Every structure is written in C-alpha cells, then in structure tokens.
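Colleague: Handing you a structure now.
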Amino acid sequence: MATPLTNYTVEMEHTGLSGWISYRESMLTLRFSYERMLTSIYVFVPGNEQWPAYCRSAGAKTATLRRTEIIQRIATELRNQQAPSMVQINDFGIEVVF
C-alpha cells in the first residue's frame, strides 16, 4: 500500500517561459516557480533557512524536515519528464539542462 511518503506527483504548469512546479502528496501541496531558458529549466526552491517558514505558509508543516527528500523527488521526476542530459541541485534550486 502506498503511503503519503511514497505516493506523490510532480506537475509542471506552463505560462510561457515560466510557470510553476507542483509537488503533491495526499495531504500537502508545495509550489515552486521555474524559468525556462535556452538550454535549461531552473526551479527556484527556498534555501535551508527559509524552508521551514515556506512550509508553514503553504500549510505543509509535515514537509519542514524533508527538504532534501522533496527536492530529490522533484529533480528525479523532472529528469524523467524532460529527458535532460543533466540535473544539478544547489542551495536555492534545481537546474535541468537539456
């Protein structure tokens, strides 16, 4: 049986060259803005210090201690959906290079 920690989706909402990445579990949703560039997509993610406040404001307190896990999941899904040659994660986001 899938649990909220194993059952999740990652969806892109396009609005031209930018948009939103929605990460959803059964009891929470987190949204991150992204920008599409010529050879990549950059997803903006709150840094370690901002993450707890972001989760509280999004009504997702259960995600407060799971930043790394959630970012890894988003990066993996974007790799699968966009067929990039490389995915890089840094302190403030995810870069998907084509």
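Colleague: How about region 67-85: which of its residues are farther than 16 Å from T9 by Cβ and in contact with a helix residue (DSSP H, G or I) (Cβ under 9 Å, 6 or more places away or on another chain)? Let's see the steps before the verdict.
Modeller: First pass over region 67-85, keeping only residues farther than 16 Å from T9 by Cβ: 67-68, 83-85.
Hits for region 67-85 are R67, P84.
Colleague: Here is a check on your reading of the model: is V10 β-branched (V, I, T) and touching an Asp or Glu at 6+ places or on another chain (Cβ under 7 Å)? Show your work before the answer.
Modeller: On the way: β-branched (V, I, T): yes; touching an Asp or Glu at 6+ places or on another chain (Cβ under 7 Å): yes.
Spelling it out, V10 is indeed β-branched (V, I, T) and touching an Asp or Glu at 6+ places or on another chain (Cβ under 7 Å).
Colleague: A further question on this structure: Can you give me the number of residues within region 38-47 that are over 13 Å from the mean Cα position of the chain (by Cα) and either surrounded by 14 or more Cβ atoms within 10 Å (Cβ to Cβ) or closer than 17 Å to F92 by Cα (or both)?
Modeller: Keep residues of region 38-47 that are over 13 Å from the mean Cα position of the chain (by Cα), which gives 38-40.
Those left that are additionally either surrounded by 14 or more Cβ atoms within 10 Å (Cβ to Cβ) or closer than 17 Å to F92 by Cα (or both): 40.
Qualifying residue count, region 38-47: 1.
Colleague: Just checking, which of V43, V96 is part of a strand (DSSP E or B) and either touching a Leu at 6+ places or on another chain (Cβ under 7 Å) or at pLDDT below 95 (or both)? I'd like the intermediate steps shown before the answer.
Modeller: On the way: V43 fails: either touching a Leu at 6+ places or on another chain (Cβ under 7 Å) or at pLDDT below 95 (or both).
Just a single option satisfies the conditions, and that option is V96.
Results for (1) free of Cβ contacts under 8 Å to residues at least 60 places away in the same chain; (2) exposed (fewer than 11 other Cβ atoms within 10 Å of the Cβ); (3) not in a loop (DSSP other than H, G, I, E, B), shown as yes or no for each residue.
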position: H14; (1), (2), (3): yes, yes, yes
position: G19; (1), (2), (3): yes, no, yes
position: S22; (1), (2), (3): yes, no, yes
position: T29; (1), (2), (3): yes, no, yes
position: Y34; (1), (2), (3): yes, no, yes
position: E49; (1), (2), (3): yes, yes, no
position: A53; (1), (2), (3): yes, no, yes
position: R56; (1), (2), (3): yes, no, yes
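Colleague: Return the residue satisfying two criteria in turn: it lies in region 68-88 and is more than 15 Å from I21 (Cα to Cα) and surrounded by fewer than 18 Cβ atoms within 10 Å (Cβ to Cβ), and of such residues it is modelled with the lowest pLDDT.
Modeller: To start, the set of residues in region 68-88 that are more than 15 Å from I21 (Cα to Cα) comprises 68-69, 83-88.
Then keep just the ones that are surrounded by fewer than 18 Cβ atoms within 10 Å (Cβ to Cβ); that gives 68-69, 83, 85-86, 88.
Values: T68: 96, E69: 96, A83: 75, S85: 80, M86: 91, Q88: 94.
My answer is A83.
Colleague: I would also like to ask the following. In region 61-92, which residue that is touching a Phe, Trp or Tyr at 6+ places or on another chain (Cβ under 8 Å) and part of a helix (DSSP H, G or I) is farthest from R31 (Cα to Cα)?
Modeller: Restricting to residues being touching a Phe, Trp or Tyr at 6+ places or on another chain (Cβ under 8 Å) and part of a helix (DSSP H, G or I), the top hit is Q82.
The values are calculated or read from the model by the stated rules, or taken from the named source; none is laboratory data. Model, not experiment: these values are computed from the prediction. Here the Cβ is made from the backbone with ideal geometry for all residues, glycine too, and neighbour counts use every protein chain on show.
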